[in-house]
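J.: Dropping the structure in here first, questions after.
Nothing in this text is a laboratory measurement; each read-out follows from the coordinates by a stated rule. Note that the structure is predicted; figures quoted are calculated from it, not measured. With ideal geometry, Cβ positions are generated from the backbone for all residues, glycine too; neighbour counts draw on all protein chains shown.
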Amino acid sequence: MSTSHPYDALTPDTVLDAVEAAGFWPTGSLLALNSYENRVYQIGEEENGFLVGKFYRPGRWSDAQILEEHAFSLQLAELEIPVVAPLANTAGHTLQHFGGFRFALFPRRGGRSPELDDPDTLYRLGQFLGRIHAVGASQPFVERPALDIESFGHASLAYLLDNDCLPGHYRGEYQSLAEDILSTVTRRFDAVAFSPIRLHGDFHPGNILWTDRGAHLVDLDDARMGPAVQDLWMMLSGDAPQMAVQLDEILAGYEEFHDFDRAQLALIEALRALRLLHYAAWLARRWQDPAFPQAFPWFGGEKYWEEQVLILREQQFRLAQPVLKLGP
């Protein structure tokens, strides 16, 4: 049986030839960056110093979905919101094709992870996100999907079960926990009437490049429609009182630019639960990509699924707690 993967054809020469075909002048310097869903490289370029090239995973997004992500990035950048947007080639296209791959080139931006224990940093991130959401709420995505319970929750669980990803003695308990959690998640979503907006979708510290002047946002690859709180909750940590203090700081900045419906706080633990299920299924779906066994050698073993059962129990407990409350 063949174990080849589409990315096997993405050799260093192919990457450099693709950049040249797009109208840029690579120096030959090439460094693979930390990315698994796509392949991302730092590329030396004669006029710009360095570019970042993202080669999209074959079959994940349609051209129309990628272009809609690019249009959102460019819309934000045009309003001087510091999002790292794709570069156009000489023909004005941001989505390039070469050797069977689709790719985009971006300017390289430096920065460090934000210090989320610093109240001023949280406040400034809130301002940044409020500006993004004000634009995100101005029109919907048409091509890109929504963050929903079916695709992130039920489809993830079904994939794990249908493909026998779990050892038999953990399968029943994991399934029972997941189904109970998804019932609670459904009730939470049904109880909160929110208007979905265009989101970054994966707004965690790894996608934020912090500098003394503020943040740059990278990687809108997971941009989709959903509740605004999806882009807030991944900046929170600790117990409920700690998260409430952090969220107060974030919203103090956020609401300078965009209103936030506090009813959405009831979705935080529901969204965390969906992410847990989606992440486990994402690893399983990608396991035939050689990069995944190398990067995640702990996935799929007895210990992994034992920990996942414990994590789902903890999440079940979190969902049973009172909804996060903010101060007056």
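J.: Measuring from centroid to centroid over Cα atoms, what is the spacing of the range 100-137 and the range 174-243 in Å?
T.: Their Cα centres are 14 Å away from one another.
J.: Could you tell me what fraction of 2.2 N^0.38 Å the Cα radius of gyration of the range 109-216 comes to, as a two-decimal ratio? Numbers along the way, then the final one.
T.: Values: Rg = 18.7 Å, N = 108, 2.2 N^0.38 = 13.0 Å.
For the range 109-216, the normalised Cα radius of gyration is 1.43.
J.: For the range 167-270, which trypsin sites (Lys or Arg not before Pro) are in a loop by DSSP, counting at most 12 other Cβ atoms within 10 Å? Before the final figure, lay out the partial values.
T.: Numbers: sites: R171, R187, R188, R198, R213, R224, R262; in loops: R213.
Passing both the DSSP loop test and the Cβ count: R213.
J.: Same structure again: Explain nothing, just the number: dipole magnitude of the range 119-320 about its Cα centre with +1 on each Lys and Arg Cβ and -1 on each Asp and Glu Cβ, in debye rounded to the nearest 20. Spell out each step's value before the answer.
T.: Working: 17 positive and 29 negative charges, 29 e Å.
With Lys and Arg at +1 and Asp and Glu at -1, about 140 debye.
J.: Okay, moving on. State to the nearest 20 debye the size of the charge dipole of the range 41-126 about its Cα centre, where the only charges are +1 on K and R beta carbons and -1 on D and E beta carbons.
T.: Details: 8 positive and 12 negative charges, 82 e Å.
Result for the range 41-126 is approximately 400 debye, rounded to the nearest 20.
J.: Restrict the search to the range 264-328; then list the trypsin sites (Lys or Arg not before Pro) that DSSP places in a loop and that have at most 13 other Cβ atoms within 10 Å of their Cβ. Please list the in-between numbers first.
T.: On the way: sites: R272, R275, R285, R286, K303, R313, R318, K325; in loops: R286, K325.
The qualifying sites are K325.
J.: If I take every Cα pair under 8 Å that is 6 or more residues apart in the chain, average their sequence separation and divide by the length, what percent do I get for the relative contact order? Each step should come with its number before you reach the end.
T.: Numbers: 461 pairs, mean separation 63.0, N = 328.
Relative CO of the chain lands at 19 percent.
J.: Calculated from the structure, volume of the Cα convex hull per residue in Å³ equals which of [x] 202; [y] 131; [z] 146?
T.: Correct label, based on the coordinates given: [z].
J.: Report the one residue of G23, H93, Q308 whose Cα lies farthest in the direction of the positive end of the charge dipole of the chain (charges on C-beta: Lys and Arg +1, Asp and Glu -1; origin at the Cα centre).
T.: Looking along the dipole axis, the top candidate is Q308.
J.: Of all the Cα-Cα pairs you can form in the range 6-107, what percent are over 16 Å apart? Before the final figure, lay out each step's value.
T.: Values: 2845 of 5151 pairs.
For the range 6-107, the share of Cα pairs beyond 16 Å comes to 55 percent.
J.: Only Cα pairs under 8 Å and at least 6 apart count here; give the relative contact order of the range 64-208 as a rounded whole percent.
T.: Working: 89 pairs, mean separation 34.5, N = 145.
Once divided by the residue count of the range 64-208, the mean separation gives 24 percent.
J.: Arranged from highest to lowest average of other beta-carbon atoms within 10 Å per residue, in what order do the peptides 227-236, 138-147 appear? Before the final figure, lay out the partial values.
T.: Numbers: 227-236: 22.4, 138-147: 15.0.
Descending packing order for the listed peptides: 227-236, 138-147.
J.: So which chymotrypsin sites (Phe, Trp or Tyr not before Pro) in the range 256-328 pass both tests, a DSSP loop state and at most 10 other Cβ atoms within 10 Å of the Cβ? It would help to have the intermediate numbers written out before the result.
T.: Working: sites: F257, F260, Y279, W282, W287, W298, F299, Y304, W305, F317; in loops: F257, F260, W287, W298, F299.
When the chymotrypsin sites (Phe, Trp or Tyr not before Pro) of the range 256-328 are filtered for loop state and at most 10 Cβ neighbours within 10 Å, W298 remain.
J.: Summing Lys, Arg as +1 and Asp, Glu as -1, what charge do residues with Cβ under 15 Å from the Cβ of D259 carry, D259 excluded?
T.: Taking every Cβ under 15 Å from that of D259, the sum is -2.
J.: Using just the helices of the chain, give the 222 nm mean residue ellipticity in deg cm²/dmol: DSSP H runs with n ≥ 4 each add -39,500 (n - 2.57), and the total is spread over all residues, rounded to 500.
T.: Numbers: 9 runs with 133 residues, N = 328.
Using -39500 (n - 2.57) per qualifying helix, the result is -13000 deg cm²/dmol.
J.: Pairs of alpha-carbon atoms within less than 8 angstrom and 6+ residues apart define the contacts here; what relative contact order does the range 177-227 have, in percent? Spell out each step's value before the answer.
T.: Working: 42 pairs, mean separation 20.7, N = 51.
For the range 177-227, the relative contact order is 41 percent.
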